[in-house]
Amino acid sequence: MPRRPLTVLVPLVIVFIVMCTIAGDHYDEEPTFRLAIWAIPAVAALCVALSVRHTRIRIHEYEHGFELRRPGRRTLRYAWYEIASVEAANVSVHINLGHSHDVLKIVIRPYTGGPVRLRGLDYIKVRQATGFWRLAAAAPLGTAQAFHTRASQAVAESLAQRHLDELDAGGELRWGAMTFTREGLTLAPFPGLLDWSRITYISGNPTSGVRLDVRGLAAHVGTPALSARATKAGYRTEGDRLEVFMPVRRPGSDYTALSILLARGPALRGGRHEGHEE
């Protein structure tokens, strides 16, 4: 059950029980009392209806995508390669100036069409099943956080392959001051190329940006360290460490895709050289 309807339903039941115990003295004498005693079950029924509505939302996960079924709305079905990004945020809910709970909100953005917005309370995973086993498979399995993790990884794999194909065809990928090509990385405003083999992905997320280890970076930029103010390009360096924090707030799946891209990037030049040797 969603948290808010449940928190309203429990006090209503208690109040209804109390009012029923005193109904014998006031039910026939006070019209307001009669109205109240019938209004409480009506509100309770509404809370139950809201809860049932949420339990009817289904996410059918498949090997290559997912299907979202929502009551009263058209079914949405997407393959992972049709999704541009997946991002999530925990929204803190406060009641009476105190922290009550966090709500996980997930936004899935396909390449075509509007974004798909989900909450953690909406999530119910359903296995593929037929016949009698469909009833057993309708039970909630997993969590919204687990679905977000799987979706982000699947979309990132597809996105990274898309970028690799573009680089292999002679294109480029820009990420702030960094530009990736088939040969490696260039870092504005410094000329020269940093080979793929010199780049190691350390971490990345929408909050703090990307951290890379780039062998020989200090020699490439001509100084042991560059502050963010000195670069004026959304990054800083310290030794071989490169921290890029612009552009900010890219979806989380973009950072996972970048880590996959950097892991597979060295094969781009190797593949080209093998092709020339043949």
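The values are calculated or read from the model by the stated rules, or taken from the named source; none is laboratory data. Please read all numbers here as calculations on a predicted model, not as lab measurements. All Cβ positions, glycine included, derive from the backbone under ideal geometry; neighbour counts span all protein chains shown. All accessible areas refer to the heavy atoms of the entire protein, side chains included, with ligands and DNA or RNA removed. Shrake-Rupley method; radii C 1.70, N 1.55, O 1.52, S 1.80 Å.
For every residue, the table says whether it meets (1) farther than 15 Å from P266 by Cα; (2) within 16 Å of the chain's Cα centre (by Cα); (3) not basic (K, R).
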{"site": "T149", "(1), (2), (3)": "yes, yes, yes"}
{"site": "S152", "(1), (2), (3)": "yes, yes, yes"}
{"site": "A156", "(1), (2), (3)": "yes, yes, yes"}
{"site": "R162", "(1), (2), (3)": "yes, no, no"}
{"site": "E166", "(1), (2), (3)": "no, no, yes"}
{"site": "R174", "(1), (2), (3)": "yes, no, no"}
{"site": "E183", "(1), (2), (3)": "no, no, yes"}
{"site": "L187", "(1), (2), (3)": "yes, no, yes"}
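Each residue in segment 187-236 was checked for being within 28 Å of E87 (Cβ to Cβ) and either part of a strand (DSSP E or B) or among the polar types (S, T, N, Q) (or both), and 19 of them qualify. The listed residues are S152, S158, and the only one of them that is over 26 Å from Y235 (Cα atoms) and at pLDDT 90 or above turns out to be S158. The residues of segment 237-249 that are open to solvent by less than 70 Å² (accessible area, probe 1.4 Å) and in a strand (DSSP E or B), listed by number, are T237, R241, L242, E243, V244. Look at segment 141-168: where a residue is under 17 Å from R250 (Cβ atoms) and a partner is open to solvent by less than 30 Å² (accessible area, probe 1.4 Å) and among the small types (G, A, S), sitting 6+ places away or on another chain with Cβ atoms under 6 Å, you get S152/G252; S152/S253; V155/S253; A156/S253; A156/A257; L159/A257; A160/A257.
If you check T181 against the conditions, is it polar (S, T, N, Q) and either closer than 16 Å to L258 by Cα or at pLDDT 95 or above (or both)? Answer is yes for this residue. It is to be established whether one or more residues within segment 207-222 are surrounded by fewer than 14 Cβ atoms within 10 Å (Cβ to Cβ) and within 30 Å of N90 (Cβ to Cβ). Checking segment 207-222: at least one residue is surrounded by fewer than 14 Cβ atoms within 10 Å (Cβ to Cβ) and within 30 Å of N90 (Cβ to Cβ).
Within segment 160-186, how many residues turn out to be within 19 Å of R211 (Cα to Cα) and either open to solvent by 80 Å² or more (accessible area, probe 1.4 Å) or in a helix (DSSP H, G or I) (or both)? Total meeting the criteria: 2.
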